Amino acid sequence: MDALSLRKRFLEFFEQRGHTIVPSSSLVPDDPSVLLTTAGMQQFKPYYAELDPEKTIHPSIGKPVGLNVASCQKSFRTSDIDEVGDESHLTFFEMLGNFSFGGYFKKEAIAYAHEFLTKELGLTIAFVTVFEGKDSIGVPKDEESIALWKSLDPKLRVEEQGMEDVFWGPTGSSGPCGPTTEIYCKNAAGQDIEVWNIVFNQYFYPGSREELDAGVAGKKLELLKKPGVDTGMGLERLAMVAQKTDSVFETDLFPPGIVLIPQDIEDRIKRIIADHARATVFLLADGVRPSNKEAGYVLRRVVRRMLVYQFLYPSLRVESFLKEVQELFGKFYPEVKNTEIIFEFKKEEEKFQGTLERGLKELQRQDVIDAAAAFRLYESFGLPYEIIKEFGKERARELMREDFEKEFEKHQEISRAGKEGKFGGHGLILDTGELKAANEEELQVVTRLHTATHLLQAALRKVLGEGVHQAGSDITPERTRFDFTFDRKLTDEEVRQVELSVNEAIKQNLDMGYKEIPFHKAVALGALYSPREKYPDVVKVYSAQNPETGEAFSRELCGGPHVEHTLSIGKFHILKQESVGAGVRRIRARVEEAPAT
Ligand code: SER
């Protein structure tokens with residue numbers, strides 16, 4: 001049975017049994033505390049406790065979902081990224097699930113699962129697991145589920161397991177949780193595959209899973225008023241069992257062209273490509289774009305890892321796999337057909353191409369690759385951690401993902417804090433994060449540099465084009481340091497033109513003033529802003545404009561402070577340009593003494 005029919009049969013089965021079918025939510029959840037959607041229950045989480053599923057309008061179906069729902073959910077787990085390449089681990093996957101928020105409980109949930117697998121699909125259940133109980137948290141052995149399974153199939157093997165395997169949740173900082181029962185089937189190779197996880201959300205825990213495991217004082221499981229059901233069945237695993245293959249990669253849920261990859265390329269790499277191609281298409285389809293932060297950083301890593309393999313094995317054409325994924329999934333998920341997906345992929349490919357080869361050479365030159373060295377390779381050449389670890393081999397033996405991430409964070413803190421060392425973090429009369437000054441004199445200089453930085457951004461966009469966006473800025477009395485998106489070194493002529501353009505704006509003695517206007521108006525006026533920042537409804541827009549014609553040289557959302565007239569900036573001088581990693585350049589500049597007025 002093909003995957004399209006498996007999805008359809010599942011959803012129809014539950015629709016016929018009184019469930020509302022709810023479309024998959026985006027991989028990028030509304031909840032900003034969660035990076036990506038990791039399970040089907042995520043979009044329904046509030047229905048188990050605070051929201052009324054019979055009254056609250058669900059945004060994607062425009063009416064309340066009712067007590068019972070079913071879905072096929074796009075999901076993404078970064079926790080397994082290091083295991084991808086073996087026979088079963090994936091980043092992106094689909095999860096079939098039925099859920100109940102007080103409508104039914106163990107009896108129906110177990111009976112539905114049994115009927116769907118054995119009758120509807122004609123599969124054989126190898127065995128099931130149930131919770132063995134844990135006194136210290138006050139949860140008894142799940143005798144009820146044991147009895148229910150036995151009543152459906154007296155010969156079925158029922159195994160008892162503990163917290164680690166068959167107690168789900170809570171996800172995040174608190175939430176519903178409870179014992180589970182898991183269903184295993186055999187694949188064609190005779191291995192036991194866990195296909196379906198049925199969670200009985202009986203409890204609410206006012207803390208995280210770590211706190212629950214540690215038994216934090218003062219936090220106890222509370223019984224939910226209405227116990228609920230949350231089930232999840234991995235579609236890839238179900239397809240492997242239903243299509244009788246040895247691994248998920250041979251099912252019709254993976255790009256078929258993988259089998260054409262020459263034999264001398266190891267299977268592990270083929271599987272990584274098969275997984276990452278799906279991950280890339282689905283992340284891009286949900287609006288994620290490669291970046292150095294959050295979901296964008298996950299996307300960048302999977303794309304770049306594929307690009308490294310493509311560089312090493314030119315017969316691997318990543319783009320063709322992406323197109324196969326679009327073709328495979330377009331019927332069920334129309335969003336994956338978006339033509340921007342290939343366009344965005346190519347943009348990232350172009351950006352990375354410039355540094356990839358040099359980065360790999362540099363990687364080979366390093367003797368010992370610790371977290372700091374690995375981070376430098378990422379920062380300067382855009383090499384993802386996974387590649388550094390793999391190709392660093394013995395030299396990167398001690399390199400751990402956690403340490404690398406720590407280095408990452410440390411670096412972000414350093415750039416945020418700017419010259420903390422110099423200021424010792426104390427005695428500043430101004431510290432906006434971007435601007436720092438210890439006394440009145442310094443305040444005047446950084447204010448002049450600040451206005452000059454606005455003019456610099458405008459000039460860069462005039463000379464290099466509108467693809468230039470601010471990527472960071474740090475201003476001390478000695479200099480302004482401005483990072484911006486641009487993927488090559490500026491020519492000397494371009495640097496000269498930028499400097500000239502800023503100095504001309506200064507000489508025109510433009511007015512530098514601000515207006516407080518609604519954010520959306522500011523955007524409509526073309527004021528520059530940082531999409532990563534959160535702005536209030538009403539914002540300050542600083543414009544450097546000609547007092548007579550009103551024509552603006554620069555407009556930016558900003559909190560100030562700025563000079564009132566550009567002539568008081570003095571002469572602007574670019575000190576140097578540098579690269580800060582793939583696709584980002586840095587300019588350092590200062591201002592000379594302001595002319596006496
Ligand atoms: N939330 C559970 C899981 O992800 C069941 O859907 O496995």
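Laboratory data are not the source of any read-out in this text; all were calculated from the coordinates shown. Predicted model only: the values in this text are computed from it and were never measured. Neighbour counts are summed over all protein chains in view; Cβ atoms, including those assigned to glycine, are modelled from backbone coordinates with ideal geometry.
At Asp2 and His573, where each label point lies 7 Å from the Cα along Cα→Cβ, what is the point-to-point distance in nanometres?
Computed distance between label sites Asp2 and His573 equals 7.0 nm.
Would you please classify the overall shape of the chain from the alpha carbon gyration tensor, given that a ≥ b ≥ c denote the square roots of the eigenvalues, rounded means a/c under 1.5, and beyond that prolate means a/b larger than b/c while oblate covers the rest?
prolate
For each of Arg448, Arg7, count neighbouring Cβ atoms within 10 Å of the residue's Cβ, then give the residues from fewest to most.
Arg7, Arg448
To make sure I understand, if each residue's beta carbon is the centre and we count other beta carbons within 10 Å, what order do Met41, Met95, Met163 fall in, fewest to most?
Ranking Met41, Met95, Met163 by Cβ neighbours within 10 Å, fewest first, gives Met163, Met95, Met41.
Using a 10 Å cut-off on Cβ atoms, rank the peptides 18-30, 277-289 from the highest mean neighbour count down.
Peptide ranking by packing, descending: 277-289, 18-30.
Pairs of Cα atoms under 8 Å, at least six residues apart: use those to get the relative contact order of the chain, whole percent.
Normalised by residue count, the contact order of the chain is 9 percent.
Evaluate E = 1/(1 + (r/R0)^6) for Lys134 and Lys244, where r is the Cβ-Cβ distance and R0 equals 41 Å; express this FRET efficiency to the nearest 0.05.
E(calc), rounded to 0.05, equals 0.65.
Per 0.36 nm of contour for each residue apart, how much would the distance between Gln16 and Asp153 grow if the chain were fully extended, relative to their Cα-Cα spacing? Show your work: numbers first, answer last.
On the way: separation 137, 0.36 × 137 = 49.32 nm, distance 2.36 nm.
Between Gln16 and Asp153, full extension yields 47.0 nm more.
Counting pairs on different chains as well as pairs 8 or more places apart, how many Lys pairs in the stretch 491-597 have Cα atoms under 20 Å apart?
Final tally of qualifying lysine pairs is 5.
Please state the shape class of the stretch 258-377: rounded when a/c is under 1.5, otherwise prolate if a/b exceeds b/c and oblate if not, all from the C-alpha gyration tensor.
Oblate is the answer for the stretch 258-377, as a/c is 1.5 or above yet b/c matches or exceeds a/b.
Could you list Lys74, Lys55 in order of exposure, starting from the residue whose Cβ has the fewest other Cβ atoms within 10 Å?
Ranking Lys74, Lys55 by Cβ neighbours within 10 Å, fewest first, gives Lys55, Lys74.
Using R₀ = 22 Å, calculate the FRET efficiency as 1/(1 + (r/R₀)^6) where r is the Cβ-Cβ separation of Ile342 and His411; round to 0.05.
Calculated value: 0.10.
Under unit Cβ charges (Lys, Arg +1; Asp, Glu -1), what dipole magnitude, rounded to 20 debye, does the chain have relative to its Cα centre? Mind showing how you got there, number by number?
Numbers: 78 positive and 96 negative charges, 179 e Å.
Approximately 860 debye in magnitude.
In deg cm²/dmol, rounded to 500, what helix-only [θ] at 222 nm does the chain give when every DSSP H run of at least 4 residues adds -39500 (n - 2.57) and the total is split over its residues?
-11500 deg cm²/dmol
Based on the Cβ-Cβ distance from Glu54 to Phe332, what FRET efficiency comes out when R0 is 41 Å, to the nearest 0.05?
Calculated value: 0.90.
So how far apart, in nm, are the two label points at Ile61 and Glu398 if each is 7 Å from Cα heading toward Cβ?
Here the modelled spin labels are 5.6 nm apart.
Going by average Cβ density within 10 Å per residue, which order do the peptides 237-250, 214-227, 325-338 take, highest to lowest?
237-250, 325-338, 214-227
Enumerate the lysines that Lys220 could reach by cross-link, defined here as Cα to Cα under 16 Å, with residues fewer than 8 away along the same chain left out.
Lys220 reaches Lys134.
In nm, to one decimal, how far is the Glu516 label point from the Arg365 one, both placed 7 Å along Cα→Cβ?
Modelled inter-label distance: 5.4 nm.
Which shape class applies to the stretch 417-564: rounded if a/c is under 1.5, otherwise prolate when a/b exceeds b/c and oblate if not, where a ≥ b ≥ c are the square roots of the Cα gyration tensor eigenvalues?
Judged from the Cα gyration tensor, the stretch 417-564 comes out rounded (a/c under 1.5).
Report the one residue of Gly133, Val498, Gly18 whose Cα lies farthest in the direction of the positive end of the charge dipole of the chain (charges on C-beta: Lys and Arg +1, Asp and Glu -1; origin at the Cα centre).
Ranked along the dipole, the leading option is Val498.
Using θ = phi - 60° and the Karplus curve 6.51 cos²θ - 1.76 cosθ + 1.60, what whole-Hz ³J(HN,Hα) does each residue of the stretch 172-189 get, with Gly and Pro shown as x?
Along the stretch 172-189, the couplings run x, 8, 5, x, x, 6, x, x, 10, 10, 10, 10, 10, 10, 9, 8, 5, 7 Hz.
Grab the stretch 1-86 and count how many Lys pairs have their alpha-carbon atoms under 19 Å apart, sequence gap of 8 or more, or different chains.
For the stretch 1-86, qualifying lysine pairs total 5.
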